[in-house]
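Here the structure is laid out as structure tokens; the discussion comes afterwards.
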Amino acid sequence: MGDRPLDLVLLGPVGAGKGTQARRIAEKYHVPHVASGDLLRMHRAQKTELGQAAVSYMDRGALVPDDLVISMIVDRMRQPDANHGVLLDGFPRTLAQARALDDELAEEGRTLKLALYLEVPFDILVERAANRWTCRTCSTTYDYRVNPPRKAGICDIDGGELYQREDDRSDVVSERIKVYLKDTVPVVEYYRERGILRTIDGTRDIDGVAGEIERQLEAAVW
Ligand code: AMP
């Protein structure tokens, strides 16, 4: 293994396959997978103060305010299992979040190694979200057309119930794509200018995308 810690972000619009790929990368390179959306859904389910503050933003496909999301992620990054690197999925989504991440890493003498950007044409995203089934307990996602669960409605990993997220409805997804274009595309450019962006064709099948990510990672990091 090369130099540690391995700090990575995975960027891409809703339905680009970030969660699916993040789980694989985290397992292969032994870094915790920190998904801001999963953490927010957990807060909602537990009805914490943050969860209650986030509900109305999430349900309409808007971004949860930066200060709330940043402190949630910083807390998570300070857990001992993130000492040796972290794979962020869904964060940062704004320039303010990207700068806060730089500051947090700098405090520990760390810098972001790579930003992996999964690129998928927008027309495919709405369709992917509409076909996405998510495990209520571990957030693994399935698409019955390309990666169906072994048993309909049940997660292969932990037997959890599969459900369709409210915000995967086409009207909410369209809003999420608009927000992505306005707030998150500048983050993609921010990393491109720094020379740490790697663009990956997210239209390939799951193994094809995973292979390309691995190739890019190993070329850049090791
Ligand atoms: P996701 O599961 O990543 O698609 O996130 C679901 C929803 O959670 C988003 O539509 C936002 O409302 C909220 N969310 C997740 N991550 C962030 C973030 N980094 N900044 C602001 N809001 C976020």
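The values are calculated or read from the model by the stated rules, or taken from the named source; none is laboratory data. Values in this document were obtained by computation on a predicted structure and should not be read as measured data. Here Cβ is always computed from backbone atoms with ideal geometry, including for glycine, and neighbour counts include all displayed protein chains. Note: accessible area is taken over every heavy atom of the protein model, side chains too, but ligands, DNA and RNA are not part of it. Shrake-Rupley method; radii C 1.70, N 1.55, O 1.52, S 1.80 Å.
Here is how the numbers come out for the structure above:
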quantity	calculated
Net +/- balance of residues flanking residue 150 in space, Cβ distance below 13 Å, scoring K and R +1, D and E -1	-1
Ranked packing of 143-156, 202-215, most packed first, by mean Cβ within 10 Å	202-215, 143-156
Fraction of accessible area attributable to carbon and sulfur, the chain (%, probe 1.4 Å)	50 percent
Signed unit charges on C-beta, dipole axis of the chain, positive-most listed residue 65, 203, 154	154
Cα shape, region 1-94, gyration tensor, a/c 1.5 rule	prolate
Three-way shape call for the chain based on the alpha-carbon gyration tensor, with the a/c threshold at 1.5	rounded
Percent of beta bridges antiparallel (DSSP, the chain, rounded to nearest 5)	30 percent
Value at 222 nm in deg cm²/dmol, rounded to 500, when DSSP H runs of n ≥ 4 in the chain each add -39,500 (n - 2.57)	-14000 deg cm²/dmol
For region 1-104: accessible area per residue (Å², 1.4 Å)	43 Å²
Nearest-20 debye value, the chain charge dipole, Cβ charges on Lys, Arg, Asp, Glu	360 debye
Around residue 214: net Lys/Arg minus Asp/Glu count, Cβ-Cβ under 10 Å	+1
Net charge, residue 39 excluded, C-beta distance under 12 Å - Lys, Arg +1, Asp, Glu -1	0
